[in-house]
Amino acid sequence: MSEPVRFLLSDMDGTLLLPDHSLSQRTIDAVRSLREAGVLFSLATGRPPKAMLQQIEALGVDLPTAAFNGGTIVNPDGSLLVAHYLPATTALIALATFADQPDVEVWVFSGGDWLLKDPNGPMVPREQHGLGYPPVVVESFEPYLERIDKIVATSHNTEFLIELEARLLPKVNGMAQVSRSQPVYLDVTALEANKGTALATIAAHLGIALEQTAAIGDGGNDPAMFHCAGLSIAMGQAEEAVRRQADVVTGTNTEDGVAQAIETYILPR
């Protein structure tokens, strides 16, 4: 831990945010302290860009942010720095793999919209609360194949999602990123759409060496940025496979683990 941290990239859900998707005052204060100390701060999430706006405002983020696990990097003015779409053929393979699976809902994110076929799925209310906007009901995903940012298979049956992930991986190997951003979400994004590439892209844009970056997260899509960052921090409630890949482990999101990490590992440096 020789280099001081000049830039922290943080995951949102399960990391910065409490289980009800809110920000604690301690987290807001810790991010403010970080920025007052001259450390840059931004967000990397599986969420779409417009589902980050409230948090960007609350935290005063004025740097590019990474949405869709890095598939889209958005400048502070809303313009795109980077956009990686899922290849149409790969999207079809994923959609075919997820189709008609018991207890699995399939969502497609395209052009700023959250698309689905069944608005009454049990996972919909949670997602609508988290995103802050409703889905668009479609008959078919076919018209959107050229501009898909992310496909999600979601289910309360987390064991089955692990199985589904294992089934899909060999079919799209080298063509897409497949990761469980949360135990109930299996995300499929473009190959270049990963948080490690996002960290490297934003750091280069800011002129900061990777040795001087830190990353914090809790999901299966976060080790990609752990491996790039100078300092990697896993949340206390992350799955063991995720915690093992980080340099240090902080408290859980209900214990303000991000604030703890900033106070313990970043500000003293």
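Taking amide hydrogens as placed 1.01 Å from N in the peptide plane, the amide H of residue 72 sits under 5 Å from those of 67, 84, each at least 5 positions away in sequence or on another chain.
A probe of 1.4 angstrom, applied to the heavy atoms of all protein chains, finds residue 264 with accessible area near 80 square angstrom.
As a size descriptor, the averaged projected area of the C-alpha convex hull of the range 185-269 was calculated at 5.9 nm². Evaluating 6.51 cos²θ - 1.76 cosθ + 1.60 at θ = phi - 60° for every residue in the range 4-16, the Karplus couplings come out as x, 7, 10, 8, 10, 10, 10, 5, 9, 5, x, 10, 5 Hz, glycine and proline recorded as x. The ellipsoid that matches the Cα gyration tensor of the range 11-154 has semi-axes, each √(5λ) in whole angstrom, of 30, 18, 11, with the longest given first.
The range 153-198 and the range 200-220 have Cα centres spaced 22 Å apart. The angle separating the long axis of helix 158-172 from the principal Cα axis of greatest extent in the chain is about 80 degrees. Note that the range 3-146 presents 44 Å² accessible area per residue, ligands and nucleic acids not counted, probe 1.4 Å.
Name the most mobile residue of 120, 221, 194, meaning the one with the largest mean-square fluctuation, in a Gaussian network model of the chain with Cα contacts below 10 Å. Looking only at 120, 221, 194, the largest GNM fluctuation is found for 120.
Positive contributions from Lys and Arg (+1) and negative ones from Asp and Glu (-1), summed over other residues with Cβ under 14 Å from the Cβ of residue 166, come out at 0. Ordered from largest to smallest accessible area (heavy atoms of protein chains, 1.4 Å probe), the residues 16, 191 come out as 191, 16. Size estimate for the range 135-193 follows the Kirkwood approach: the inverse of mean 1/r over distinct Cα pairs works out to 12.4 Å.
Mean-square fluctuations from a GNM of the chain, with a 10 angstrom spring cutoff on Cα atoms, peak among 219, 60, 111 at 111.
Accessible surface of the range 118-218, 1.4 Å probe: 52 percent of it comes from carbon and sulfur atoms. Viscosity 0.692 mPa s, temperature 37 °C: Stokes-Einstein D of the range 98-232 from its Kirkwood Cα radius, in µm² per second? In µm²/s, the coefficient is 203. Ordered from longest to shortest, the equivalent ellipsoid semi-axes for the range 225-269 are 16, 15, 6 Å, each the square root of 5 times a Cα gyration tensor eigenvalue.
When all protein chains stay in place and ligands, DNA and RNA are ignored, the 1.4 Å accessible-area order of 171, 195, largest first, is 171, 195.
With N as its number of residues, the chain has a Cα radius of gyration that, divided by 2.2 N^0.38 Å, comes to 0.95.
A probe of 1.4 angstrom, applied to the heavy atoms of all protein chains, finds residue 136 with accessible area near 60 square angstrom.
Between the C-alpha center of the range 1-65 and that of the range 83-97 there is a gap of 30 Å. Computed from Cα positions, the angle between helix 25-36 and the longest principal axis of the chain comes to roughly 60 degrees.
The values are calculated or read from the model by the stated rules, or taken from the named source; none is laboratory data. In this text, all values refer to a predicted model and were calculated from it rather than measured experimentally. With ideal geometry, Cβ positions are generated from the backbone for all residues, glycine too; neighbour counts draw on all protein chains shown. These accessible areas exclude ligands, DNA and RNA; they are computed on the full protein's heavy atoms, side chains included. Shrake-Rupley method; radii C 1.70, N 1.55, O 1.52, S 1.80 Å.
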